[in-house]
Amino acid sequence: MTTALPFALRAAVGVLLAAAGLTAHAADFTLSGNITNHNDVVRITFDVAAGGSDVTLFTDSWQGGLNFDPAVVLWSKTGNDWTRVTENDDADPAIGNSGYFDAGLALPQPAAGRYMLTLVASSNDANGELLSQGFTYDAEAPIAIGQWNQPTYDPNANDQKGSFWRVQFSGVQNVSAVPEPSTWLLMALGAAALVPAARRRR
């Protein structure tokens, strides 16, 4: 199954599916979008079923340096927080169609449960073992990704890149992007706009 909807719409669909309690068999998914700033964090939740198959997660958006160098962290749901499971900056060996600076994880039959994948521009590392501890660049003023000199193996590289990201998932269920607060606001305003129309139909 491939998801190629705009970010806000994908997020809304994910919320509606979760609210309806819908589930699906393990499948393949593709999510994509664009980050705006160097300290943006993309959050994607998914489920792994009991007795499920192996799971792979990888980016294929670096595209030979056309876009920023991504890094990913995998978290598992723990009470009201998320605990770090593992992370990857540059998948070696490469997974799927990932490029040299793409990120990826291969998980042999992970435990059933809810997980979150966070995707960031490389070097915006997680601060600790809990998601609530944030990321390295959280306190920095946002820098547009196309104007940011992303740290690389060559600190003198003029490394401004495009903002596109894409993640491929295999062997998971119910993949959905977690909307940013501004997206939640837009969704709430959209829902509020439907109320008068519903009242008029009555």
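The values are calculated or read from the model by the stated rules, or taken from the named source; none is laboratory data. All of these numbers come straight from a predicted model, not from anything done at the bench. So basically every Cβ, Gly included, is an ideal-geometry build from the backbone, and we count neighbours across all protein chains shown. Note: accessible area is taken over every heavy atom of the protein model, side chains too, but ligands, DNA and RNA are not part of it. Shrake-Rupley method; radii C 1.70, N 1.55, O 1.52, S 1.80 Å.
Using heavy-atom solvent-accessible surface (probe 1.4 Å) with all chains present, what is the largest-first order of LEU131, LEU66? Each step should come with its number before you reach the end.
On the way: LEU131 15, LEU66 110 Å².
If we order LEU131, LEU66 from most to least accessible, we get LEU66, LEU131.
Just to check I understand the Karplus step: with θ = phi - 60° and J = 6.51 cos²θ - 1.76 cosθ + 1.60, what whole-Hz values come out for segment 65-72, glycine and proline as x?
Per-residue couplings from phi come out as x, 5, 10, 4, 7, x, 9, 10 Hz.
Hey, rough spin-label estimate for ALA111 and LEU66, points 7 angstrom out along Cα→Cβ, what's it come to in nanometres?
4.0 nm
Can you compute the charge dipole magnitude of segment 25-126 about its Cα centre, using +1 on each Lys and Arg Cβ and -1 on each Asp and Glu Cβ, nothing else charged? Give it in debye, rounded to the nearest 20.
It comes to approximately 380 debye.
With label points built 7 Å along Cα→Cβ from the Cα atoms of ASP28 and ASP92, find their separation and express it in nm.
2.7 nm
What residues qualify as long-range amide H neighbours of ASN34, i.e. H under 5 Å apart, gap of 5 or more or another chain, H built at 1.01 Å from N?
So ASN34 has HN proximity to TRP165.
Considering only protein heavy atoms and a 1.4 Å probe, what is the carbon-and-sulfur percentage of the accessible area of segment 43-133?
49 percent
Which Cα, out of ALA106, PRO93, SER123, lies furthest along the positive dipole direction of segment 63-159 (beta carbon charges, K/R +1, D/E -1)?
Result: ALA106, furthest along the dipole toward the positive end.
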